[in-house]
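The structure appears below as C-alpha cells.
The values are calculated or read from the model by the stated rules, or taken from the named source; none is laboratory data. Please read these numbers as outputs of a predicted model, since none were measured by experiment. Using ideal geometry, Cβ is built from the backbone for each residue, glycine included, and neighbour counts are taken over all protein chains shown.
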Amino acid sequence: MSNSPKHGRGVYAAQAIPKGARVIEYVGKRVPAKDSDAIAEKQMQRAGKSGTGHVYLFTLNKRYDIDGNVPWNKARLINHSCDPNCEVRIIHGHIWVIAKRAILPDEELTYDYGFNMDSWQDHVCRCGTRKCMGYIVSASRRGALARVLKKSHVTKQNRA
C-alpha cells in the first residue's frame, strides 16, 4: 500500500504477477444483504466527517455481502479503473481479485468496481485511462452513461 494518484491510497504489486493468478482475497465481515444499506450509510457519514475512508461493501451473493472495512483487508484499498489490470471473481464463496493480464512489479492494482447507474454523479473517477468517462460505472453501463453525458452536454449548451 502506498500513495496513488487515482484516489489517495492504492495497492501495488510487490513482484511480477502472471495473468490469471489470484492476487488477493477481499475479506471482511459477512453481513446480511438486507443490512448493507444501513451499514453503507454509516460508513458514508464517517467518511464525510473524517475526509477519509469510503464504503467497503462487496456483494458476495443474494443473501450476503462482505463488509471489508476492517484493517486486515488490504484489498479494500485497490482502486477502480476503467481499464483495469485485475478483475473480481467469486470462487466457492470467496471474493478473489484475479490478474486480467501480466502485472509488473510496482504497478498499481486496479479493477472495475462495477457500479450501476444509480447515483453515478456521486462516483467521480480519477483513473486517467483513455477509456475513462469521468465517473465510476461498470463497463457494461458506460454506453448508457455516454448517452446521459451527451444529452446533459447538449442541454447545457442550449441553456447558454
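The residues of segment 72-83 that are surrounded by fewer than 19 Cβ atoms within 10 Å (Cβ to Cβ) and either of a type in the set (Lys, Arg) or closer than 11 Å to Val27 by Cβ (or both), listed by number, are Trp72, Lys74.
Identify, please: which residue in segment 107-121 is farther than 18 Å from Ala75 by Cβ and in a loop (DSSP other than H, G, I, E, B) and is, among those, modelled with the lowest pLDDT? Talk me through it step by step, then tell me what you get.
Applying the first criterion (farther than 18 Å from Ala75 by Cβ) to segment 107-121 yields 116-121.
Imposing the further condition that a residue be in a loop (DSSP other than H, G, I, E, B) reduces the set to 116-119.
Values: Asn116: 80, Met117: 83, Asp118: 81, Ser119: 76.
Among them, the one singled out is Ser119.
There is no residue in segment 122-131 that is small (Gly, Ala, Ser), within 30 Å of Ala16 (Cα to Cα), modelled with pLDDT of 95 or more and out of contact with any Phe, Trp or Tyr (no Cβ under 8 Å at 6 or more places or on another chain). Kindly establish whether Val27 is at pLDDT 85 or above and under 28 Å from Gly128 (Cβ atoms). Spelling it out, it is not the case that Val27 is at pLDDT 85 or above and under 28 Å from Gly128 (Cβ atoms).
In segment 71-95, the qualifying residues are those that are over 15 Å from Val11 (Cβ atoms) and not in a strand (DSSP E or B), and the one that is nearest to the chain's Cα centre (by Cα) is Cys82.
Can you work out which of the residues in segment 132-142 that are in contact with a Phe, Trp or Tyr (Cβ under 7 Å, 6 or more places away or on another chain) and in a loop (DSSP other than H, G, I, E, B) is nearest to Glu108 (Cα to Cα)? Spell out how you get there, then give the answer.
Here is the first cut: in segment 132-142, the ones in contact with a Phe, Trp or Tyr (Cβ under 7 Å, 6 or more places away or on another chain) are 135-138.
Okay, now just the ones that are also in a loop (DSSP other than H, G, I, E, B), so 136-138.
Numbers: Ile136: 18, Val137: 20, Ser138: 19 Å.
Ranking the candidates gives Ile136 first.
Answer yes or no as to whether Ala102 is in contact (Cβ under 8 Å) with a residue 40 or more places away in the chain and either within 20 Å of Val27 (Cα to Cα) or within 10 Å of the chain's Cα centre (by Cα) (or both). So Ala102 does not fit the description; no. Scan segment 151-160 and tell me whether some residue there is more than 22 Å from Tyr56 (Cα to Cα) and not in a helix (DSSP H, G or I). Looking through segment 151-160, at least one residue is more than 22 Å from Tyr56 (Cα to Cα) and not in a helix (DSSP H, G or I).
Quick grid of which residues meet (1) over 19 Å from Ser138 (Cβ atoms); (2) surrounded by fewer than 17 Cβ atoms within 10 Å (Cβ to Cβ); (3) modelled with pLDDT under 95; (4) over 13 Å from the mean Cα position of the chain (by Cα):
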{"position": "Gly8", "(1), (2), (3), (4)": "yes, yes, yes, yes"}
{"position": "Val11", "(1), (2), (3), (4)": "yes, no, yes, no"}
{"position": "Val23", "(1), (2), (3), (4)": "yes, no, no, yes"}
{"position": "Ala38", "(1), (2), (3), (4)": "yes, yes, yes, yes"}
{"position": "Met44", "(1), (2), (3), (4)": "yes, yes, yes, yes"}
{"position": "Lys62", "(1), (2), (3), (4)": "no, yes, yes, yes"}
{"position": "Gly68", "(1), (2), (3), (4)": "no, no, yes, no"}
{"position": "Val97", "(1), (2), (3), (4)": "no, no, no, no"}
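Can you find a residue that is of a type in the set (Asp, Glu) and closer than 26 Å to Gly128 by Cα anywhere in segment 87-102?
Filtering segment 87-102 down to residues of a type in the set (Asp, Glu) leaves 87.
Keeping just the survivors that are closer than 26 Å to Gly128 by Cα gives 87.
Yes, segment 87-102 has at least one match.
When both residues are 6+ apart or on different chains and their Cβ atoms are under 6 Å apart, which pairs have a first residue that lies in segment 21-37 and is closer than 22 Å to Asn79 by Cβ and among the acidic types (Asp, Glu), and a second that is modelled with pLDDT of 95 or more and in a strand (DSSP E or B)? Taking only residues 6 or more apart or on different chains, the pairs are Glu25/His94; Glu25/Trp96.
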